[in-house]
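Visitor: I'd like to ask some things about the structure below.
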Amino acid sequence: MVEGGEDPKFIARRLVISAAEDVGLANPNALLLANACFDTINKIGWPEGRIVLSETTIYLATSPKSNSAYQAINDAQRVVQRTGNLAVPLHLRNAPTKMMKEMDYGKDYKYAHAYEGNFVKQDFRPEEVQKTKLYTPQENPSEKVIKERMDKLWT
């Protein structure tokens, strides 16, 4: 791409997108490296930036891949398009006035940090979408850890 005349900043931008969209949660460090690459290209320019582009490209190409975050945001957007602007559950609403407290704003809210492991089994989504699953971990070591943790917490 460089030899074809492409702007190194454009290439670095595409690497950031690839790190998020293609590598994703299979290797969360990929996004950090791609962002560092983008920053470095903007700081040092060419020709030294070619080394950083090469390193980042190799790292992303050889990383495990997952598009689970990409799929999750697409699914979440489809849910919102289908359901519209749903009301925030009462237990999540702030109750700064007496009237709001009487309307049960904030009632039964459970503060996660007051519970063991800083986790509480409480759904924070509107009732209409509480059964909707938006994130499905894929088969890779990083997301296996996420899946095991979520299974342990929610069972």
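Values in this text are rule-based calculations from the coordinates and carry no lab data. Bear in mind the structure is a predicted one, so any value in this text is a computation, not a measurement. Cβ: placed from backbone, ideal geometry, glycine included. Neighbour counts: every protein chain shown.
Visitor: Can you compute the charge dipole magnitude of the chain about its Cα centre, using +1 on each Lys and Arg Cβ and -1 on each Asp and Glu Cβ, nothing else charged? Give it in debye, rounded to the nearest 20.
Guide: Its charge dipole is roughly 540 debye.
Visitor: Within the set of other residues whose C-beta is less than 15 Å from the C-beta of LEU60, count the net charge using Lys and Arg as +1 and Asp and Glu as -1.
Guide: 0
Visitor: Right, next: For a test of understanding, tell me how many lysine pairs in the chain have Cα atoms under 15 Å apart, given they are 8 or more places apart or on different chains.
Guide: 8
Visitor: On to the next question. Strictly greater than 16 Å: what percent of every Cα pair in region 88-134 meets that?
Guide: Tail of P(r) above 16 Å: 49 percent of Cα pairs.
Visitor: Still on this model: Sum up the charges of everything whose Cβ sits under 15 Å from the Cβ of TYR109, counting Lys and Arg as +1 and Asp and Glu as -1, but leave TYR109 out.
Guide: Residues near TYR109 contribute +3 overall.
Visitor: I would also like to ask the following. Treat each spin label as a single point 7 Å out from the Cα along the C-beta direction, and report the ARG78 to TYR115 distance in nm.
Guide: 2.9 nm
Visitor: Once the Cβ-Cβ distance between LYS147 and ASP123 is put in as r, and R0 is 25 Å, what FRET efficiency do you end up with, to the nearest 0.05?
Guide: Taking R0 as 25 Å, the efficiency between LYS147 and ASP123 is 0.85.
Visitor: Considering the Cα trace of the chain, what is its radius of gyration and what is Dmax, both in angstroms?
Guide: Spelled out, the Cα radius of gyration and Dmax of the chain are 21.5, 68 Å.
Visitor: Another one. Would you mind checking the tilt of helix 8-18 against the longest principal axis of the Cα atoms of the chain, expressed as 0 to 90 degrees and rounded to 10?
Guide: Its long axis makes an angle of about 40 degrees.
Visitor: Go through region 87-98 residue by residue and turn each phi into a ³J(HN,Hα) via Karplus (6.51, -1.76, 1.60, θ = phi - 60°); whole Hz please, and just put x for glycine and proline.
Guide: Karplus values, whole Hz, x for Gly and Pro: 5, 5, x, 4, 5, 9, 7, 5, 10, x, 10, 4.
Visitor: In addition: I'd like the GluC sites (Glu not before Pro) in region 71-144 restricted to DSSP loop residues with at most 16 other Cβ atoms within 10 Å, sorted by number.
Guide: GLU139
Visitor: For the chain, modelled as a Gaussian network with Cα springs under 10 Å, which listed residue fluctuates most, LYS107, LYS131, LYS98?
Guide: Evaluated over the chain, the most mobile residue of the options is LYS98.
Visitor: Measuring from a point 7 Å past the Cα of TRP154 along Cα-to-C-beta, which residues in region 51-95 have an amide N at less than 18 Å?
Guide: From region 51-95, the list is 67-80.
Visitor: Determine the shape class of region 8-62: with a ≥ b ≥ c the square roots of the Cα gyration tensor eigenvalues, call it rounded for a/c under 1.5, and otherwise prolate if a/b is greater than b/c, oblate otherwise.
Guide: prolate
Visitor: Report the residues of region 34-68 in range of a label on GLU3: point 7 Å along Cα→C-beta, backbone N strictly under 15 Å from it.
Guide: 54
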